[in-house]
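**Student:** Structure below; questions to follow.
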């Protein structure tokens, strides 16, 4: 099955780190959410004639984590969580693209903390266009929910009022912009 997407151009796209990030949110103290982001350090999207045959590879820098609290960021970089020294990147490699009920889904393998798990991102195409310098761009946002403990991120603290400090479910949001290679 081949689908048509207005403005779509086949080719190989390079993810632009200056216009892309890996964001996340996780329940904190069972009452609110903490949000943060990692900087994308590299990525490629191969877009053949049939968009459903596209593939994506991407890496984010664990040490770049930013939750707007340097003390928390240092703790997240430590062996209690991401262990940035031993596992410096988060990586995603797609295994397939599909369309269901008018939505695009990107299946793939997500590696965090040295553990690889299958994950499916719901993809929202932002669109396509040419920048003022003649470079053709594509933009998209992908979201997925993962269980952080399945990646070995199990640190937590019990609260006096019941519950725990950090929730298990993490929502990942990929905001990506990529340039078509000449």
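Readers should treat all values here as calculations from the given coordinates under stated rules, not as data from a laboratory. Note that the structure is predicted; figures quoted are calculated from it, not measured. All Cβ positions, glycine included, derive from the backbone under ideal geometry; neighbour counts span all protein chains shown.
**Student:** Could you check the simple spin-label distance between residue 80 and residue 122, using points 7 Å along Cα→Cβ, in nm with one decimal?
**Tutor:** Roughly 3.3 nm, to one decimal.
**Student:** Counting alpha carbon pairs within less than 8 Å and at least 6 residues apart, what relative contact order, in whole percent, applies to the chain? Let's see the in-between values first.
**Tutor:** Details: 434 pairs, mean separation 45.1, N = 182.
Relative contact order of the chain: 25 percent.
**Student:** Now for a separate question. Taking semi-axes √(5λ) of the Cα gyration tensor in Å as the quantity of interest, determine which of [x] 32, 17, 14; [y] 29, 18, 14; [z] 23, 20, 18 was computed from the displayed structure.
**Tutor:** Step by step, semi-axes √(5λ) of the Cα gyration tensor in Å for this structure corresponds to label [x].
**Student:** Once you have the Cα-Cα distance between residue 133 and residue 160, take 0.36 nm times their residue separation minus that, and quote the gain in nm to one decimal.
**Tutor:** Values: separation 27, 0.36 × 27 = 9.72 nm, distance 5.72 nm.
The span from residue 133 to residue 160 would gain 4.0 nm if fully extended.
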